[in-house]
1. For residue 46, which of the numbered conditions (1) modelled with pLDDT of 85 or more; (2) closer than 22 Å to residue 14 by Cα; (3) loosely packed, with under 11 Cβ neighbours inside 10 Å fails to hold?
2. Restricted to the range 49-80, and to residues that are at pLDDT 90 or above and part of a loop (DSSP other than H, G, I, E, B), which residue is surrounded by the fewest Cβ atoms within 10 Å (Cβ to Cβ)?
3. Give the range 45-58 a look and list any residue that's closer than 14 Å to residue 71 by Cα and either in contact (Cβ under 8 Å) with a residue 24 or more places away in the chain or more than 16 Å from the chain's Cα centre (by Cα) (or both), or say none.
4. Could you grab me the full set of residues in the range 4-20 that are acidic (Asp, Glu) and in a helix (DSSP H, G or I)?
Amino acid sequence: MTRETDFQQRLQGYRLTTAEILYHLPDHPAVLQSFIWQQLDLAPRFPVLRRFLAFWETEIEGRLHSVRVASTGLISPADWRHTQHLRHLH
């Protein structure tokens with residue numbers, strides 16, 4: 001099994017995904033702690049993030065409170081637009 005490079009994943013639609021995970025401290029359940037997770041993932045289903053959260057729920061004692069997700073494509077088609085005027089500077 002070969003591991004794809006980040007560039008190859010981005011060409012396949014993977015985006016840089018950042019999740020802010022708030023969780024309850026095991027010894028002090030009334031206190032919330034923040035954890036930042038960042039990885040390349042496929043929006044909008046986020047399979048990599050979902051696997052991580054499933055791991056968290058089974059292996060880590062801190063109960064999840066909430067998850068905020070932000071995702072952006074790092075590679076996109078070039079933006080261009082047609083202009084009505086053209087000027088030359090010498």
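The values are calculated or read from the model by the stated rules, or taken from the named source; none is laboratory data. In this text the structure is predicted, and so the values were computed from the model without any measurement. Glycine gets a Cβ as well: all are built from the backbone with ideal geometry, and neighbour counts include every protein chain shown.
1. (3)
2. Of the range 49-80, the ones at pLDDT 90 or above are 49-71.
Narrowing the set further to residues that are part of a loop (DSSP other than H, G, I, E, B) leaves 60-63.
Values: 60: 12, 61: 10, 62: 18, 63: 12.
The extreme case among them is 61.
3. 46, 48, 49
4. Let us first name the residues in the range 4-20 that are acidic (Asp, Glu), namely 4, 6, 20.
Result: 6, single match.
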